[in-house]
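Notes follow once the structure below has been shown.
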Amino acid sequence: MNMNATTPGTLLAYRLDAVKPSPSMAAKMRVDALRAAGRRIVDFTIGEPDFPTPPHIVAAGIAALNAGLTRYTPSAGIPVLRQAIAAKLLRENGLTYAIDDIVVGCGAKHIIYNALAATLNDGDEVIIPAPFWVSYPDMVALQGGVPVVVPCPAADGFKLTPAALERAITPRTRWLVLNSPNNPTGAVYSADELRALGAVLERHPHVWLMTDEIYEHFVYGDARHASPIAVTPSLQSRALLVNGMSKAYAMTGWRLGYGAGPRALVKAIVLLLTQSTSCAVGMSQAAAAVALDGPQDCVKEAAALFAARCDRMVALLNAIPGIHCPRPDGAFYVFPNVDGLLGRSTESGKTLSSDLDVMMFLLDEAGVATIDGSSYGMQGHLRMSFATSIEEIEAGCAAIAQAVARLRPSSGSPVSLNPSHQPSNKDQAHA
Ligand code: PMP
Ligand code: GLU
């Protein structure tokens, strides 16, 4: 509880008690500070592509500036971009939206935030399957809503089951938030799994679906992305599809995302934009239209790059005794289990008793930055982004292996290989 926020006479609103800093942004800031202090850190924290925005998209942004797109745009976004988004949704997802059913914001995060602000009354519940992207629960709480976190264990492939969804729904449920491919686990729901969840939602017409598909292009092996709305078309009248340019087109800093949904909801989001940001950046919008309308080779190349990095990271982590890393089906994160390291002691005598301890140990002793699974709603894990070079992945995993080899069990002898923490074929295939 943030006492500063609630102490009478202080500046900050009570609402802020419900919010903590985004753990992923905080982790990135920690890395920046350590690097500024001269430490060499391998950074597996932040989820953003490590390569630049493709040149044809950058050129489109520059051309937009030179052409005078330097003013406010319509709050919902420029028509040419909303048209490009509508065409993309039809082409790639099989979904039909009119441009008035589409709203452009400063990142997908901004769209999710405003959608929740536009729809939640005090006490309204939002079902969030865990592990979850860190910002969902805090955004819900900030609007006076209640995050209803539903644990989705590794044994279920970190996925929400229809039975668990059914149990979580109450008369106060406003939204189910689904994120496939998932940050942080990389779980990808199959069309059949989405159909089964859709069938539950069809029985509860008061529950809306927010589908965050920002990692849709990064799927590996046999996994295929399916949009839950395409799988259960009856949901389209009560679903908000959220997506953005950050991941697929390496455009995190351009801050451009979008939502597509029923017109009344889209209008409400636009209303909030008119009173907050006014509009997304004009040149980013123009560049995004070119990205969506143009050749998609850059997206395919990025997906192939991430697939290779994923394989390497999974193999290297699974070779470390005490770490068990299921293979993700999508996104660009691994979510290894580190329970096998708990109870061990560092050379300085500190016993590792949580994933947070493991995260700090790896930062201090290996110079490798990760994020604790607890921040994503599941303890005993770390989240590690592989949106970084193979060289960094190899250097980071080698440093982890060396640091882990120096750990001692409570008795004082070095860690021995514990077969129960080695990956099984079943676990490998889970996600
Ligand atoms: N959803 C998920 C699951 C994410 O991981 C991110 C990453 N930041 C976002 C939404 C928001 O992305 P952005 O605001 O950069 O579009
Ligand atoms: N989505 C990214 C991540 O999870 C970016 C940071 C954020 O917006 O939280 O690392």
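Show the residue pairs that are 6+ apart or on different chains and have beta-carbon atoms under 6 Å apart, the first residue being within the range 268-293 and closer than 20 Å to A86 by Cβ, the second being aromatic (F, W, Y).
C279/Y72; S284/W254; A291/Y249
Can you tell me which of (1) more than 16 Å from ligand 2 (Cβ to nearest atom); (2) more than 19 Å from G257 (Cβ to Cβ); (3) among the aliphatic types (A, V, I, L, M) is the one A130 doesn't meet?
(1)
Among the residues of the range 216-241, what is the count of those that are crowded, with 24+ Cβ neighbours inside 10 Å and within 16 Å of ligand 2 (Cβ to nearest atom)?
1
Read through the list (1) in a helix (DSSP H, G or I); (2) farther than 22 Å from A288 by Cβ, then give the number of the only condition that G253 fails.
With respect to (1) in a helix (DSSP H, G or I); (2) farther than 22 Å from A288 by Cβ, G253 is out only on (2).
Residues checked against (1) crowded, with 23+ Cβ neighbours inside 10 Å; (2) within 16 Å of ligand 1 (Cβ to nearest atom); (3) of a type in the set (V, I, T):
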position: K109; (1), (2), (3): no, yes, no
position: I128; (1), (2), (3): yes, yes, yes
position: D138; (1), (2), (3): no, yes, no
position: V148; (1), (2), (3): no, no, yes
position: P151; (1), (2), (3): no, no, no
position: A154; (1), (2), (3): no, no, no
position: L176; (1), (2), (3): yes, yes, no
position: P184; (1), (2), (3): yes, yes, no
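Could you give me the residue pairs with C-beta distances under 7 Å whose first residue belongs to the range 94-114 and is within 16 Å of E213 (Cα to Cα), whose second residue is more than 12 Å from ligand 1 (Cβ to nearest atom) and among the charged types (D, E, K, R) wherever it lies, and which are 6+ apart or on separate chains?
Correct list of pairs: I102/R82; V104/R82.
Return the residues of the range 35-63 that are surrounded by fewer than 19 Cβ atoms within 10 Å (Cβ to Cβ) and of a type outside the set (A, V, I, L, M); say none if nothing qualifies.
Matches in the range 35-63: R35, G38, R39, R40, E48, D50, F51, P52, P55, H56.
Taking the condition of being surrounded by fewer than 21 Cβ atoms within 10 Å (Cβ to Cβ) and either at pLDDT below 95 or in a loop (DSSP other than H, G, I, E, B) (or both), how many residues in the range 366-379 meet it?
Counting residues in the range 366-379 that are surrounded by fewer than 21 Cβ atoms within 10 Å (Cβ to Cβ) and either at pLDDT below 95 or in a loop (DSSP other than H, G, I, E, B) (or both) gives 2.
Residues V31, V42: which one is under 24 Å from the mean Cα position of the chain (by Cα), within 16 Å of ligand 2 (Cβ to nearest atom) and modelled with pLDDT of 95 or more? Write out each step before concluding.
Details: V31 fails: modelled with pLDDT of 95 or more.
It is V42.
Please state which of the following conditions D311 fails to meet, knowing it meets all the rest: (1) assigned to a helix (DSSP H, G or I); (2) touching a helix residue (DSSP H, G or I) at 6+ places or on another chain (Cβ under 7 Å); (3) within 30 Å of S354 (Cα to Cα).
Here D311 clears every test but (2).
Answer with yes or no whether V266 is more than 16 Å from ligand 2 (Cβ to nearest atom), in contact with a Phe, Trp or Tyr (Cβ under 8 Å, 6 or more places away or on another chain) and hydrophobic (A, V, I, L, M, F, W, C). Break it down stepwise before answering.
Numbers: more than 16 Å from ligand 2 (Cβ to nearest atom): yes; in contact with a Phe, Trp or Tyr (Cβ under 8 Å, 6 or more places away or on another chain): no; hydrophobic (A, V, I, L, M, F, W, C): yes.
For V266, the condition - more than 16 Å from ligand 2 (Cβ to nearest atom), in contact with a Phe, Trp or Tyr (Cβ under 8 Å, 6 or more places away or on another chain) and hydrophobic (A, V, I, L, M, F, W, C) - is not met.
Has the range 258-268 got at least one residue that is crowded, with 21+ Cβ neighbours inside 10 Å, in contact with a His (Cβ under 9 Å, 6 or more places away or on another chain) and either within 30 Å of F306 (Cα to Cα) or charged (D, E, K, R) (or both)?
No, that holds for no residue.
Please specify each residue of the range 336-353 satisfying the condition of being surrounded by fewer than 16 Cβ atoms within 10 Å (Cβ to Cβ) and part of a loop (DSSP other than H, G, I, E, B).
Filtering the range 336-353 for residues surrounded by fewer than 16 Cβ atoms within 10 Å (Cβ to Cβ) gives 343, 347-351, 353.
Residues satisfying the conditions are G343, E347, S348, G349, K350, S353.
Could you figure out which of (1) within 16 Å of ligand 1 (Cβ to nearest atom); (2) acidic (D, E); (3) over 20 Å from Q296 (Cβ atoms) isn't true of D101?
Status for D101: all satisfied but (1).
The values are calculated or read from the model by the stated rules, or taken from the named source; none is laboratory data. Small disclaimer: the values here were computed from a predicted structure and weren't measured. Ideal geometry is used to build each Cβ from the backbone, glycine not excepted, and the neighbour counts take in all protein chains shown.
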